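Q: One structure is given below, represented as structure tokens, and several questions about it will come after.
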Amino acid sequence: MTDNERDLFRQFAGPLHSGSERQIDLHLVSDATGDTLNAIARASVAQFRHSHVNYHRWNLIRTRQQVQRVVAGITETPGPVLSSIMDVRLRAMLDSAALPLGVTVVNVLDPVLNLLRERLGEPAEGRPGMQYVMDEDYFRRIDAMHYVLAHDDGQAVSGLAEADIVLVGVSRASKTPTSFYLANRGIKAANVPLVPGREIPAELHTLDRPVIGLTLEPMLLVEVRRHRLAVDLGQNRNLLDANDPYIDPDSVRGEIVWARRLCAQHDWPVIDVSRRSIEETAATAMSFAERWHLSRPGHGEALPQPV
């Protein structure tokens, strides 16, 4: 999905901010990739619609010299600090440097670590990046990514039985990006386009795997398709035919209705992605897949735990 396509989705979802905005600088200090802090910060900041946050990301901070560089950055643009540093000496160094600056440092993992230490009866090892190891989960994600590449957009339908989830839907319904996100969670996802006038693959009629449809609002789909065609045509975008059934509003409405009916005939649940992020769509798809397995005990292996 391009940046312009994301803007189209945002237009349908409504404005992200309104009115006057208060801006702050927020420093995210991690001794690993920073993914955990990014997720926490994004989830928290999203609750404040009338503010703007300037993120300063400091990743792989594992030495005193690197902490000094972080402190210099905080001194230049003061603001609260979210930290996931595990090394107690580096944490103490960061806390001490922040105190005279009047900057608050929050070690975001402490509440969870303290809870687990109390319940498990053992101390945390305090080593950075321990979740990023080349273990079974890591290689499962790699396998899932290879699977998606081989089964994207209706390719290799003979291998659909190996999928954890099969996504179906009309063109430009976010099937591919959702499939790749699922793969990054270790879920093998195939996706098959639904095209009016074209028979669906015979394998889908008898497939003993969860199949989930994706759809979106007709006018949003029209705009996304128009933009994609314009990008493909480049300087020849004046050749864009407004009467092309692919982007004609009435034709697109009929296409979406047809696809929904097809999913209903096969008892495939449908997710409307119009106002959902890729992450939300993937989470809903996994939920549907889990329900599918619960309703059909003994039908193939259960959905793998996402990583």
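Q: Please tell me if Val108 is in contact (Cβ under 8 Å) with a residue 60 or more places away in the chain, under 15 Å from Leu26 (Cβ atoms) and either assigned by TED's automatic domain parsing to the domain that holds Ser44 or more than 32 Å from the chain's Cα centre (by Cα) (or both). Break it down stepwise before answering.
A: On the way: in contact (Cβ under 8 Å) with a residue 60 or more places away in the chain: yes; under 15 Å from Leu26 (Cβ atoms): yes; either assigned by TED's automatic domain parsing to the domain that holds Ser44 or more than 32 Å from the chain's Cα centre (by Cα) (or both): yes.
Considered against the rule, which asks whether it is in contact (Cβ under 8 Å) with a residue 60 or more places away in the chain, under 15 Å from Leu26 (Cβ atoms) and either assigned by TED's automatic domain parsing to the domain that holds Ser44 or more than 32 Å from the chain's Cα centre (by Cα) (or both), Val108 comes out as yes.
Q: Determine which member of the set Ala144, Ala173 is free of Cβ contacts under 8 Å to residues at least 60 places away in the same chain and touching a Leu at 6+ places or on another chain (Cβ under 9 Å). Can you show your working first?
A: Values: Ala173 fails: free of Cβ contacts under 8 Å to residues at least 60 places away in the same chain.
So the residue among Ala144, Ala173 that is free of Cβ contacts under 8 Å to residues at least 60 places away in the same chain and touching a Leu at 6+ places or on another chain (Cβ under 9 Å) is Ala144.
Q: Given the conditions (1) at positive phi; (2) surrounded by 12 or more Cβ atoms within 10 Å (Cβ to Cβ), and given that Ile271 satisfies all but one, which numbered condition is not satisfied?
A: The number of the failed condition is (1).
Q: OK, next. Among the residues that make up the stretch 211-228, is at least one of them in contact with a Leu (Cβ under 7 Å, 6 or more places away or on another chain) and closer than 19 Å to Ala161 by Cα?
A: Yes - at least one qualifying residue is present in the stretch 211-228.
Residue by residue, here is whether (1) of a type outside the set (Asp, Glu); (2) crowded, with 18+ Cβ neighbours inside 10 Å holds:
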position	(1), (2)
Asp137	no, no
Lys175	yes, yes
Thr178	yes, yes
Ala183	yes, yes
Ile187	yes, yes
Gly197	yes, no
Thr206	yes, no
Ala230	yes, no
Asp244	no, no
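Q: Another question, then. So, Val81, is that one within 17 Å of Tyr55 (Cβ to Cβ) and in contact with a Pro (Cβ under 7 Å, 6 or more places away or on another chain) or not?
A: Working: within 17 Å of Tyr55 (Cβ to Cβ): yes; in contact with a Pro (Cβ under 7 Å, 6 or more places away or on another chain): no.
Considered against the rule, which asks whether it is within 17 Å of Tyr55 (Cβ to Cβ) and in contact with a Pro (Cβ under 7 Å, 6 or more places away or on another chain), Val81 comes out as no.
Q: Looking at (1) at pLDDT 95 or above; (2) under 28 Å from Arg209 (Cα atoms); (3) not in a loop (DSSP other than H, G, I, E, B), which one does Arg253 not meet, given that it meets all the others?
A: Among (1) at pLDDT 95 or above; (2) under 28 Å from Arg209 (Cα atoms); (3) not in a loop (DSSP other than H, G, I, E, B), the lone unmet condition for Arg253 is (2).
Q: Okay, moving on. Are any residues in the stretch 112-131 in a helix (DSSP H, G or I) and surrounded by 10 or more Cβ atoms within 10 Å (Cβ to Cβ), and if so, which ones?
A: As a first pass, look at the stretch 112-131 and keep what is in a helix (DSSP H, G or I): 112-120.
Val112, Leu113, Asn114, Leu115, Leu116, Arg117 - these are the residues of the stretch 112-131 that are in a helix (DSSP H, G or I) and surrounded by 10 or more Cβ atoms within 10 Å (Cβ to Cβ).
Q: Taking the stretch 1-52 on its own, how many of its residues are part of a helix (DSSP H, G or I), at pLDDT 55 or above, more than 16 Å from the chain's Cα centre (by Cα) and of a type in the set (Gly, Ala, Ser)?
A: 1
Q: Which residues, taken from the stretch 95-108, are outside any helix (DSSP H, G or I), surrounded by 16 or more Cβ atoms within 10 Å (Cβ to Cβ) and hydrophobic (A, V, I, L, M, F, W, C)?
A: Narrowing the stretch 95-108 to residues outside any helix (DSSP H, G or I): 99-108.
Narrowing further to those that are surrounded by 16 or more Cβ atoms within 10 Å (Cβ to Cβ): 103, 105, 107-108.
Result: Val103, Val105, Val108.
Q: Next question. Identify the single condition in (1) loosely packed, with under 15 Cβ neighbours inside 10 Å; (2) within 24 Å of Val157 (Cβ to Cβ); (3) of a type in the set (Lys, Arg) that Arg260 does not satisfy, given that it satisfies every other one.
A: So Arg260 meets the others, but not (1).
Q: Scan the stretch 222-242 and give yes if some residue there is modelled with pLDDT of 90 or more and either in contact with a Gly (Cβ under 7 Å, 6 or more places away or on another chain) or not in a helix (DSSP H, G or I) (or both), otherwise no.
A: no
Q: Being within 22 Å of the chain's Cα centre (by Cα) and among the β-branched types (Val, Ile, Thr) is the filter here; which residues of the stretch 187-227 pass it?
A: Result: Ile187, Val192, Val211, Ile212, Thr215, Val224.
The values are calculated or read from the model by the stated rules, or taken from the named source; none is laboratory data. As the structure is a prediction and not an experimental result, all values here were calculated from the model. Methodologically, a virtual Cβ is constructed for each residue, glycine included, from the backbone with ideal geometry; neighbour enumeration extends over all protein chains shown.
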